[in-house]
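Below is one structure; the comments refer to it alone.
The values are calculated or read from the model by the stated rules, or taken from the named source; none is laboratory data. The structure presented is a predicted model; accordingly, all values stated were derived computationally and were not measured. A quick note on method: Cβ atoms are made from the backbone with ideal geometry, for glycine too, and the neighbour counts reach across all protein chains shown.
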Amino acid sequence: MVAARVTGGAVARYAWPMPSSSSRWIVVRAGEQRRWGGEIRRQEIFSRLAARTEASVVDGWPAFRRAILGGRLRRVAHRVGLARPDPSRRLAASEQAPASWLDWLPGKVDPTAVAIYDDSVLQAKALGGVLSPARIEEFNHRRARNERLFRWIVVPTRSFAEHIGLDMDKVIVGGNGTVAAHVRPGPWPDHPAIGIASGAAGARGLEALIEAARLLRVSIPELRLHLWLAATSAAGEAYIDGLRADTARDPWIDIDRAPYERLGETLSTATVLAIPSPATEYSDVALPVKLFDSMAAGRPQVVTPRTEMAAIVERFGIGAVAKGDDPASLAEALEPFLTNEALAAEVGTRARATAEREYDWPIVGNRIADEILRREGQRG
């Protein structure tokens with residue numbers, strides 16, 4: 001049956017089971033925008049839990065608050081089982097609750113599971129950003145309050161949870177994933193090419209990758225480099241402008257965007273996809289969505305020796321881990337896939353199969369749902 005869900009200001013349609021009056025779950029997920037990996041994760045991470053529990057699904061925290069508190073959306077919410085506050089209804093949230101709501105939530109629902117996949121303070125530090133003391137206090141306070149409020153915390157890796165200091169008794173390691181039905185391999189390019197889809201910012205290894213490509217052009221003169229960069233701020237746009245100026249003498253370097261609706265075909269214009277994350281503790285514990293989207297695109301993966309990413313690349317034989325972070329090490333790892341089409345095709349096929357088998361969001365989501373429901377079942 002097709003059911004209604006509550007959004008920020010309207011009723012939309014989705015294909016999960018219609019929540020019944022006996023449904024004991026609410027899922028707060030991201031809205032419908034699909035521009036980059038974090039938004040996809042926040043839509044997908046609890047989708048299987050929602051389907052299996054016939055949960056009411058709300059697109060974002062503002063819609064959840066309006067649905068509970070009243071007004072036009074409360075009348076809409078009544079039709080999908082959200083109208084009355086009920087402290088016994090279990091809540092799973094794809095992102096942390098706003099700090100101002102943390103005292104209010106317990107009387108309305110039972111805060112059960114929350115996904116914490118980033119730490120804004122440590123991430124900013126790793127990327128060379130500067131946060132004011134007030135912002136640092138704000139981010140840390142919000143995370144600590146969410147950690148205390150929710151019973152279970154879903155994280156990308158165990159090492160991430162340990163690094164940011166979460167209560168390990170609450171942690172569920174969820175991993176990360178891709179939508180394999182959407183990010184599909186396209187035709188192989190007619191010339192060797194390196195590609196990367198990344199946020200537009202320094203400290204992401206982009207400059208090292210550019211220098212590695214310049215080294216490779218000496219022996220592979222037809223090589224191209226595709227930088228698909230997403231700017232989420234004025235600083236990001238300025239970074240892209242600076243990169244374009246620095247590479248103006250290199251017409252073989254293409255700087256563009258990779259809209260999610262065309263992500264598979266865009267990534268497929270590369271022979272090999274790279275994630276040259278620099279050496280930081282935060283990069284060692286992270287598991288970026290772009291790794292899994294790149295796998296789904298059916299291309300070999302070349303990564304720098306960051307612990308969690310390198311473990312996946314090596315475990316499944318889906319690419320190569322550079323010996324170091326310098327341009328020469330990156331060039332050495334990239335070169336075999338650019339000069340041996342049969343090897344690139346073999347490894348790319350294996351990457352795609354691994355994405356479908358291990359890291360498609362329905363599969364990842366079911367693993368997460370299994371563990372949440374197991375723990376909740378033990379509680380009674």
Enumerate the pairs (first residue in the range 137-166 and over 20 Å from A369 (Cα atoms) and in contact (Cβ under 8 Å) with a residue 40 or more places away in the chain; second residue anywhere and assigned to a helix (DSSP H, G or I) and of a type in the set (F, W, Y)) with beta-carbon separation below 8 Å, excluding pairs fewer than 6 apart on the same chain, so at least 6 apart or on different chains. H163/Y282
Counted residues, the range 228-241 - those being over 14 Å from S198 (Cα atoms) and surrounded by 12 or more Cβ atoms within 10 Å (Cβ to Cβ): 3
Subset tally (residues that are free of Cβ contacts under 8 Å to residues at least 60 places away in the same chain, among the acidic types (D, E) and more than 22 Å from D284 (Cα to Cα)) for the range 177-234: 2
Looking only at the range 92-105, which residues are over 20 Å from D118 (Cβ atoms) and either among the aliphatic types (A, V, I, L, M) or touching a helix residue (DSSP H, G or I) at 6+ places or on another chain (Cβ under 7 Å) (or both)? L105
In the range 109-131, residues that are part of a loop (DSSP other than H, G, I, E, B) and either touching a helix residue (DSSP H, G or I) at 6+ places or on another chain (Cβ under 9 Å) or modelled with pLDDT of 90 or more (or both) total 9
If I filter the range 288-297 for residues that are part of a helix (DSSP H, G or I), in the same structural domain as E346 (by TED's automatic domain parsing), in contact with a Gly (Cβ under 7 Å, 6 or more places away or on another chain) and of a type in the set (F, W, Y), do I get at least one hit? yes
From the residues in the range 206-224 that are of a type outside the set (A, V, I, L, M) and either in contact with a Ser or Thr (Cβ under 6 Å, 6 or more places away or on another chain) or over 18 Å from L243 (Cα atoms) (or both), which one is surrounded by the fewest Cβ atoms within 10 Å (Cβ to Cβ)? P221
Tell me, yes or no, whether the range 317-336 has at least one residue that is over 23 Å from R41 (Cα atoms) and out of contact with any helix residue (DSSP H, G or I) (no Cβ under 9 Å at 6 or more places or on another chain). no
What strands (runs of 3 or more DSSP E), lying completely within the range 1-106, carry at least 1 residues that are at pLDDT below 50? 3-6, 11-14
Test: residue in the range 234-246 that is of a type outside the set (G, A, S) and either within 20 Å of E335 (Cβ to Cβ) or within 16 Å of the chain's Cα centre (by Cα) (or both): no
Any residue at all in the range 313-320 that is charged (D, E, K, R), out of contact with any Gly (no Cβ under 8 Å at 6 or more places or on another chain), part of a helix (DSSP H, G or I) and within 24 Å of A345 (Cβ to Cβ)? yes
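Does I363 satisfy the condition of being of a type in the set (A, V, I, L, M, F, W, C), on the phi < 0 side of the Ramachandran plot, surrounded by fewer than 24 Cβ atoms within 10 Å (Cβ to Cβ) and in a helix (DSSP H, G or I)? Steps first, please.
Numbers: of a type in the set (A, V, I, L, M, F, W, C): yes; on the phi < 0 side of the Ramachandran plot: yes; surrounded by fewer than 24 Cβ atoms within 10 Å (Cβ to Cβ): yes; in a helix (DSSP H, G or I): yes.
When the stated conditions are applied, I363 passes them.
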Any chance you could count how many residues in the range 274-287 are surrounded by 20 or more Cβ atoms within 10 Å (Cβ to Cβ) and either in a strand (DSSP E or B) or of a type in the set (D, E, K, R) (or both)? 2
Go through the residues of the range 350-360 one by one and say whether even a single one is closer than 30 Å to R24 by Cβ and either assigned by TED's automatic domain parsing to the domain that holds L215 or under 26 Å from the mean Cα position of the chain (by Cα) (or both). yes
